[in-house]
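K.L.:
Before anything else, here's the structure in question.
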Amino acid sequence: MHQEPNQTPAPTDTTHLNLAAVVAALPDAIDQAMRNTLPGMYTPQLAADLAAAMTAELRNPQPADCPVFPGLCTETMPDHHDHSNHEHTVTNKQGEHLLDVGFVQLSDGGPAIVYIGGMSHEDYLPEEVRPATAKLRQLLDEADAIADRLLADRTEARRG
Ligand SMILES: [Zn+2]
(Lines give C-alpha, C1' and ligand atoms only; values in the text may rest on other atoms or scores of the structure.)
Protein backbone atom coordinates (compact mmCIF):
# COMPACT_ATOMS: atom_id res chain seq x y z
CA MET A 1 0.00 0.00 0.00
CA HIS A 2 1.33 3.37 -0.78
CA GLN A 3 1.18 5.97 1.94
CA GLU A 4 0.32 9.56 1.20
CA PRO A 5 2.87 11.97 2.57
CA ASN A 6 1.46 14.09 5.38
CA GLN A 7 -0.35 16.84 3.62
CA THR A 8 -1.92 19.80 5.30
CA PRO A 9 -5.41 20.07 3.92
CA ALA A 10 -6.41 23.38 2.39
CA PRO A 11 -8.62 25.42 4.73
CA THR A 12 -11.60 24.87 2.43
CA ASP A 13 -11.13 21.09 2.46
CA THR A 14 -14.14 20.18 4.60
CA THR A 15 -13.71 16.46 3.82
CA HIS A 16 -10.54 16.37 5.89
CA LEU A 17 -12.13 18.33 8.71
CA ASN A 18 -15.13 16.01 8.75
CA LEU A 19 -12.93 12.93 8.61
CA ALA A 20 -10.90 14.10 11.62
CA ALA A 21 -14.10 14.77 13.55
CA VAL A 22 -15.57 11.39 12.61
CA VAL A 23 -12.38 9.56 13.55
CA ALA A 24 -12.30 11.35 16.91
CA ALA A 25 -15.93 10.50 17.65
CA LEU A 26 -15.81 6.92 16.43
CA PRO A 27 -14.58 5.04 19.55
CA ASP A 28 -17.26 6.48 21.83
CA ALA A 29 -19.95 6.18 19.16
CA ILE A 30 -19.21 2.51 18.53
CA ASP A 31 -18.90 1.73 22.21
CA GLN A 32 -22.29 3.32 22.86
CA ALA A 33 -23.91 1.74 19.82
CA MET A 34 -22.68 -1.74 20.74
CA ARG A 35 -23.93 -1.40 24.32
CA ASN A 36 -27.35 -0.35 23.01
CA THR A 37 -27.85 -2.68 20.07
CA LEU A 38 -25.64 -5.72 20.82
CA PRO A 39 -25.57 -5.96 24.63
CA GLY A 40 -25.00 -9.72 24.42
CA MET A 41 -21.90 -9.30 22.29
CA TYR A 42 -20.50 -6.13 23.76
CA THR A 43 -17.07 -6.03 25.33
CA PRO A 44 -14.97 -2.85 25.63
CA GLN A 45 -12.20 -4.60 23.70
CA LEU A 46 -14.49 -5.63 20.83
CA ALA A 47 -15.84 -2.09 20.55
CA ALA A 48 -12.29 -0.70 20.55
CA ASP A 49 -11.20 -3.22 17.89
CA LEU A 50 -14.15 -2.30 15.71
CA ALA A 51 -13.40 1.41 16.08
CA ALA A 52 -9.75 0.81 15.15
CA ALA A 53 -10.74 -1.20 12.06
CA MET A 54 -13.21 1.46 10.92
CA THR A 55 -10.69 4.24 11.54
CA ALA A 56 -8.11 2.42 9.41
CA GLU A 57 -10.72 2.04 6.66
CA LEU A 58 -11.58 5.74 6.78
CA ARG A 59 -7.94 6.81 6.68
CA ASN A 60 -7.11 4.53 3.75
CA PRO A 61 -10.06 4.76 1.39
CA GLN A 62 -10.22 2.22 -1.41
CA PRO A 63 -8.36 3.26 -4.55
CA ALA A 64 -10.43 4.85 -7.25
CA ASP A 65 -12.50 2.53 -9.38
CA CYS A 66 -11.25 1.53 -12.84
CA PRO A 67 -12.72 4.12 -15.22
CA VAL A 68 -13.29 1.55 -18.00
CA PHE A 69 -14.92 -1.26 -16.01
CA PRO A 70 -15.96 0.37 -12.73
CA GLY A 71 -17.11 -2.16 -10.16
CA LEU A 72 -15.78 -5.04 -12.23
CA CYS A 73 -12.08 -4.50 -12.92
CA THR A 74 -10.00 -4.80 -9.75
CA GLU A 75 -6.74 -3.38 -11.12
CA THR A 76 -5.74 -0.49 -8.91
CA MET A 77 -2.87 1.12 -10.84
CA PRO A 78 -3.93 4.47 -12.27
CA ASP A 79 -4.05 4.47 -16.09
CA HIS A 80 -3.73 0.68 -16.37
CA HIS A 81 -4.44 -0.81 -19.80
CA ASP A 82 -5.01 -4.49 -18.99
CA HIS A 83 -8.25 -4.96 -17.08
CA SER A 84 -9.03 -7.98 -14.94
CA ASN A 85 -10.81 -9.45 -11.96
CA HIS A 86 -9.43 -12.64 -10.38
CA GLU A 87 -11.19 -12.32 -7.03
CA HIS A 88 -13.94 -14.91 -7.42
CA THR A 89 -12.71 -18.27 -6.28
CA VAL A 90 -13.85 -21.26 -4.26
CA THR A 91 -11.22 -23.13 -2.27
CA ASN A 92 -11.31 -26.63 -0.81
CA LYS A 93 -10.96 -27.44 2.89
CA GLN A 94 -7.19 -27.09 2.71
CA GLY A 95 -7.58 -23.62 1.25
CA GLU A 96 -6.42 -24.84 -2.15
CA HIS A 97 -7.88 -23.45 -5.27
CA LEU A 98 -10.88 -25.52 -6.46
CA LEU A 99 -12.72 -23.43 -9.05
CA ASP A 100 -12.61 -19.84 -10.10
CA VAL A 101 -14.21 -17.47 -12.53
CA GLY A 102 -12.71 -14.25 -13.68
CA PHE A 103 -12.56 -11.54 -16.24
CA VAL A 104 -9.72 -10.28 -18.44
CA GLN A 105 -9.57 -7.53 -21.03
CA LEU A 106 -6.06 -7.11 -22.39
CA SER A 107 -4.86 -4.00 -24.15
CA ASP A 108 -3.99 -6.01 -27.29
CA GLY A 109 -7.39 -5.26 -28.80
CA GLY A 110 -8.77 -8.74 -28.18
CA PRO A 111 -12.24 -9.31 -26.76
CA ALA A 112 -13.08 -9.19 -23.07
CA ILE A 113 -13.25 -12.75 -21.79
CA VAL A 114 -14.77 -14.52 -18.81
CA TYR A 115 -12.89 -17.61 -17.72
CA ILE A 116 -14.10 -20.56 -15.67
CA GLY A 117 -11.28 -22.75 -14.56
CA GLY A 118 -9.10 -24.53 -12.09
CA MET A 119 -11.35 -27.46 -11.28
CA SER A 120 -9.59 -30.00 -9.10
CA HIS A 121 -11.50 -32.51 -6.98
CA GLU A 122 -12.51 -32.90 -3.39
CA ASP A 123 -14.43 -35.57 -1.47
CA TYR A 124 -17.48 -34.46 0.51
CA LEU A 125 -19.54 -36.07 3.20
CA PRO A 126 -23.26 -35.90 2.32
CA GLU A 127 -23.89 -33.08 4.78
CA GLU A 128 -21.03 -31.10 3.25
CA VAL A 129 -22.34 -31.26 -0.32
CA ARG A 130 -24.98 -28.55 -0.21
CA PRO A 131 -22.75 -25.89 1.38
CA ALA A 132 -20.10 -26.71 -1.23
CA THR A 133 -22.45 -26.69 -4.22
CA ALA A 134 -24.05 -23.48 -2.96
CA LYS A 135 -20.66 -21.78 -3.16
CA LEU A 136 -20.08 -23.19 -6.64
CA ARG A 137 -23.53 -22.05 -7.82
CA GLN A 138 -22.85 -18.61 -6.45
CA LEU A 139 -19.53 -18.56 -8.29
CA LEU A 140 -21.18 -19.53 -11.58
CA ASP A 141 -23.82 -16.86 -11.01
CA GLU A 142 -20.90 -14.47 -10.70
CA ALA A 143 -19.64 -15.62 -14.11
CA ASP A 144 -23.11 -14.95 -15.57
CA ALA A 145 -23.18 -11.51 -13.97
CA ILE A 146 -19.79 -10.59 -15.40
CA ALA A 147 -20.81 -11.82 -18.85
CA ASP A 148 -24.09 -9.86 -18.68
CA ARG A 149 -22.18 -6.79 -17.63
CA LEU A 150 -19.73 -7.13 -20.54
CA LEU A 151 -22.57 -7.67 -23.03
CA ALA A 152 -24.34 -4.60 -21.68
CA ASP A 153 -21.12 -2.57 -22.00
CA ARG A 154 -20.75 -3.81 -25.59
CA THR A 155 -24.33 -2.81 -26.45
CA GLU A 156 -23.73 0.57 -24.84
CA ALA A 157 -20.55 1.07 -26.89
CA ARG A 158 -22.40 0.26 -30.14
CA ARG A 159 -25.07 2.82 -29.31
CA GLY A 160 -22.59 5.50 -28.28
ZN1 LIG B 1 -9.41 -1.69 -15.33
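K.L.:
Among what's in region 60-75 and is over 23 Å from A152 (Cα atoms) and surrounded by 11 or more Cβ atoms within 10 Å (Cβ to Cβ), pick the residue that is modelled with the lowest pLDDT.
P.N.:
Taking region 60-75 as the starting set, the residues that turn out to be over 23 Å from A152 (Cα atoms) are 60-63.
Filter once more, so that each one left must be surrounded by 11 or more Cβ atoms within 10 Å (Cβ to Cβ): 60, 63.
Numbers: N60: 69, P63: 60.
Taking the candidates together, the pick is P63.
K.L.:
Among the residues of region 34-42, is any in contact with a Ser or Thr (Cβ under 7 Å, 6 or more places away or on another chain) and either within 30 Å of A132 (Cα to Cα) or assigned by TED's automatic domain parsing to the domain that holds E122 (or both)? Reasoning before the result, please.
P.N.:
Within region 34-42, the subset in contact with a Ser or Thr (Cβ under 7 Å, 6 or more places away or on another chain) is none.
No, region 34-42 contains no residue that is in contact with a Ser or Thr (Cβ under 7 Å, 6 or more places away or on another chain) and either within 30 Å of A132 (Cα to Cα) or assigned by TED's automatic domain parsing to the domain that holds E122 (or both).
K.L.:
Can you list the strands (runs of 3 or more DSSP E) found entirely within region 28-123 that contain at least 3 residues being more than 16 Å from the ligand (Cβ to nearest atom) and among the β-branched types (V, I, T)?
P.N.:
Hits in region 28-123: 83-91.
K.L.:
Would you point out which residue out of D82, D153 is over 17 Å from the mean Cα position of the chain (by Cα) and modelled with pLDDT of 90 or more?
P.N.:
Details: D153 fails: modelled with pLDDT of 90 or more.
None of the others qualify; the one that does is D82.
K.L.:
Please specify each residue of region 1-28 satisfying the condition of being touching a helix residue (DSSP H, G or I) at 6+ places or on another chain (Cβ under 8 Å), modelled with pLDDT of 80 or more and of a type in the set (A, V, I, L, M, F, W, C).
P.N.:
Result: V23, L26.
The values are calculated or read from the model by the stated rules, or taken from the named source; none is laboratory data. The structure presented is a predicted model; accordingly, all values stated were derived computationally and were not measured. Please note: Cβ atoms are built from the backbone with ideal geometry, for glycine as well, and neighbour counts cover all protein chains shown.
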